[in-house]
Amino acid sequence: MPPRILSRNKITASSMLTISSTSVSFPKGNLIDEIVGTVHRSATAGATVTYDVDFSAATAVTELAIRKHNLTSAGTFSLLYGATSPPTNAATLGAVTPDVWVSFFGSKTARYWRLNVRQSIASGFYEMGELWLGTYDEFTRHHAIGWSKGREEGHVMHETQGGARWYLAGYQRRTLRLPLRRIDNGNDVSVWETIFKNRGQTKPFFFTRDTAVPSATLFCRVGTPLEFGQQFLERFNVDIVLEEEL
């Protein structure tokens, strides 16, 4: 399948969220602040913790995405939806994968949503950095041959006159560079233009390059301005650079 992108979280206010267990030091607002380093933690583990969402109106959803979590496939999880609370209809979830867990499913439209989490964890809490529900966009074409990936670290190195060195650690980042060739103006070009208009180069989104390997999904930003070079009629070339903070 072609790449998919979840560029907007439909959970837009902490008032939409009700969580059955929360540590006061790790509030629920951290789940939707678009900062992967700030996390929500439950006050307990082992028992079921519910993450309830009330959209106030029936809302279509095709993807669940969770970033920076401590869940494993040994747990029991379910995503429920419905017109009344608590919801009882179940969406099909994919297997839990470390760090980032992404599940795609057929479009479900409902006002109420509930994620159930139950697992025995030695730490004594469930942790999530980001919790997104939304509808993904699917591109019509894959990237061309010649894609690349990389990692970098930002730090400041100091050295005394005697040669002793120390450094101040900064960010770690991984990058994905995708050459897109002869993409259609009315489809893939339009999607990237909309994403850039809404997210710019500062706001993150979930990008799944290969839907067969959802664990490789990035929670990333567009790293460089978009420049579309016309190749033939309404076909364009562009090199997309995605950056993910680790």
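About the Cα centre of the range 49-165, how large is the charge dipole given +1 on each Lys and Arg Cβ and -1 on each Asp and Glu Cβ? Please answer in debye to the nearest 20.
220 debye
As an exercise, find the ratio Rg/Rh for the range 83-136 from alpha-carbon atoms, using the Kirkwood inverse-distance average for Rh.
Reported Rg/Rh (Cα atoms, Kirkwood Rh): 0.97.
Along the principal axes of its C-alpha atoms, what lengths does the range 3-122 span, in descending order and rounded to whole Å?
On the principal axes, the range 3-122 reaches 36, 29, 27 Å in Cα extent.
Send over a whole-number figure in Å² for the accessible area per residue of the chain, probe 1.4 Å.
Value for the chain: 50 Å² per residue.
What list of ³J(HN,Hα) couplings, whole Hz, do you get for the range 38-52 from phi and the Karplus terms 6.51, -1.76, 1.60, once you set θ to phi - 60° and write x for glycine and proline?
These are the phi-based 3J(HN,Hα) values: 9, 10, 9, 10, 6, 8, 8, 8, x, 8, 6, 10, 10, 10, 9 Hz.
What does the charge dipole of the range 163-246 about its Cα centre add up to, to the nearest 20 debye, if the Cβ of each Lys and Arg holds +1 and the Cβ of each Asp and Glu holds -1?
280 debye
Label points 7 Å out from Cα along the Cβ direction at Phe105 and Ser14: separation in nm?
2.8 nm
In whole percent, and with a 1.4 Å probe on the protein chains, what portion of the accessible area of the chain is carbon and sulfur?
49 percent
Express the Stokes-Einstein translational diffusion coefficient of the range 109-246 in µm² s⁻¹, to the nearest whole number, given a Kirkwood radius over alpha-carbon pairs, 25 °C and a viscosity of 0.890 mPa s.
134 µm²/s
Measure off 7 Å from each Cα along the Cα-to-Cβ vector at Thr135 and Leu93, then give the distance between these two points in nanometres to one decimal.
Here the modelled spin labels are 2.4 nm apart.
Hey, of [x] 0.93; [y] 1.02; [z] 0.96, which did the structure itself give for Rg/Rh (Cα atoms, Kirkwood Rh) when calculated?
[y]
For the range 199-240, what D do you get in µm² per second when you plug the Kirkwood radius from alpha-carbon pairs into Stokes-Einstein at 37 °C and 0.692 mPa s?
269 µm²/s
Hey, in the GNM for the chain with a 10 angstrom Cα cutoff, which one of Glu138, Glu127, Glu153 fluctuates hardest?
Its mean-square fluctuation being the largest, the pick is Glu153.
If I take R0 = 45 Å and measure r between the Cβ atoms of Thr202 and Gln161 in this structure, what FRET efficiency does the formula 1/(1 + (r/R0)^6) give, to the nearest 0.05?
With R0 = 45 Å, the Cβ-Cβ based efficiency is 0.65.
The values are calculated or read from the model by the stated rules, or taken from the named source; none is laboratory data. It should be emphasised that the depicted structure is a prediction, and the values quoted were computed from it without experimental measurement. Cβ sites come from the backbone with ideal geometry, for glycine too, and all protein chains shown count toward neighbours. Keep in mind that these areas ignore ligands, DNA and RNA; they rest on the heavy atoms of the full protein, side chains included. Shrake-Rupley method; radii C 1.70, N 1.55, O 1.52, S 1.80 Å.
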